[in-house]
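Derivation of every value follows stated rules applied to the coordinates shown; laboratory data play no part. All values reported here derive from a predicted model rather than from experimental measurement. Methodologically, a virtual Cβ is constructed for each residue, glycine included, from the backbone with ideal geometry; neighbour enumeration extends over all protein chains shown.
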């Protein structure tokens, strides 16, 4: 059966509505506890947005990136295909008294923003739910000439990680597709600069124990090994779990 665009979008919306009511991935949180390396790099890139910048966040909710950015004076519009996610984000922003963060139901593949109107587009684990060509095209269209897009996304090359994904279908949508190197190569059609750093190859094994007393030193060693090999080995770096990417100079 061929799945149309509307079917795919509606399926994604329903999944994420349910997720924000009852997250099916809660049992997997132990795997995310050791993502400090990639999250710190992601935070460094986000810190480059300044007071007065206008930034669009793809995907929002209680963990929205918009909150911290808005506290620094960045004007953030968080969008999500899920009305429930938007409601959750709006409630959290109101509870924090944030006026610089607003949230709208919107499809990231068809943005309701003017050409060259925003300084940044950001997101965490959202591009792999989208048609990346459509998302790249829209990002490029709405970004100012000196704007940039920053994302943290899972990669889809490692066979062991993919085996685990296949074993836990309830934790993901049937349309999502962890990114591959071909997706980043495709981005060059819309951006003159595409930078990708990868993280967590060896350290994915120690991530579930990274917060325990005896697991912390093991995780530090595994992370150090990752830093050494993922920078110099082109083939291995695409076997990592997470990519932090930055897209600049929209065409």
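When 64, 110 are ordered from fewest to most other Cβ atoms inside 10 Å of their Cβ, what list results? Walk me through the numbers on the way to the answer.
Numbers: 64 25, 110 12.
Fewest-to-most Cβ neighbours within 10 Å comes out as 110, 64.
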Checklist line | Inter-part distance where region 47-87 and region 226-247 are each reduced to a Cα centre, Å | finding: 27 Å
Next item on the list: Would you mind getting me the FRET efficiency between residue 188 and residue 39? Use the beta-carbon distance for r and R0 = 30 Å, nearest 0.05.
Entry: 0.70
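Which ordering of 175, 129 is given by a fewest-first count of other beta-carbon atoms within 10 Å? Walk me through the numbers before you get to the answer.
Values: 175 16, 129 24.
So the ranking, lowest neighbour count to highest, is 175, 129.
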Margin query: Rounded to the nearest 5, what % of DSSP beta bridges with both residues in region 96-245 are antiparallel?
Written below: 55 percent
Notebook entry, point to check: If each residue's Cβ is checked for other Cβ atoms within 10 Å, how do 112, 80, 68 rank with the fewest at the top?
Noted result: 112, 68, 80
Item checked: Per-pair calculated FRET efficiency, R0 = 45 Å: residue 91 and residue 7 via Cβ, rounded to 0.05 -> 0.90
Note to self: I want to verify a result. In a Gaussian network model of the chain, Cα cutoff 10 Å, which of these has the top mean-square fluctuation: 174, 148, 213?
What the structure shows: 213
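Take the alpha carbon gyration tensor of region 159-251, find the square roots of its eigenvalues, order them as a ≥ b ≥ c, and report rounded if a/c is under 1.5; if not, report prolate when a/b exceeds b/c, else oblate. Kindly include the intermediate steps, with their values, before the conclusion.
On the way: a/c = 2.47, a/b = 1.40, b/c = 1.77.
It comes out oblate by the Cα gyration axes.
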Next item on the list: Please list 205-212, 35-42, 226-233 highest first by mean number of surrounding beta-carbon atoms within 10 Å per residue.
Entry: 35-42, 205-212, 226-233
